[in-house]
Amino acid sequence: MRVFSALTAREREVLELLVVGATIREVSRKLHISDSTARSFNSRLHKKLGVGNRGELCRVYFEETTRELRAQNAKYREALREIGANQTMAGFRAREALK
């Protein structure tokens, strides 16, 4: 994800918890960090992603996640097309060999 490439693995963990509605206290308990550390991660995420509140944080997260999934889907479709083209050629060659 382009926007998320600047985030550390831990920041991504915090982000994923925040976007599903976890409170700061829940984040701290889940990740075994202090509440103040969880607040620091939250503030750092807001700054790095250029957002002012959790709603915007969620919007950026879902936009970037959707963008990444679309890119993966396009690569997957292209690979399927190549496989299909290769199978079509193999089938054509097999039919030609039978003639």
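Since every read-out is calculated from the coordinates, none of them should be taken as a lab result. No experiment lies behind these values; they were computed from the predicted model shown. Positions of Cβ are generated from backbone atoms using ideal geometry, with glycine treated the same way; all protein chains shown enter the neighbour counts.
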Original post:
Of the residues that sit in the stretch 17-47 and are without any contact (Cβ under 8 Å) to a residue 40 or more places away in the chain and within 24 Å of Gln72 (Cα to Cα), which one is surrounded by the fewest Cβ atoms within 10 Å (Cβ to Cβ)?
Top reply: Val20
Subject >> Hits in the stretch 52-62 (condition: farther than 12 Å from Val20 by Cβ and surrounded by 12 or more Cβ atoms within 10 Å (Cβ to Cβ)) >> reply: Glu56, Arg59, Val60
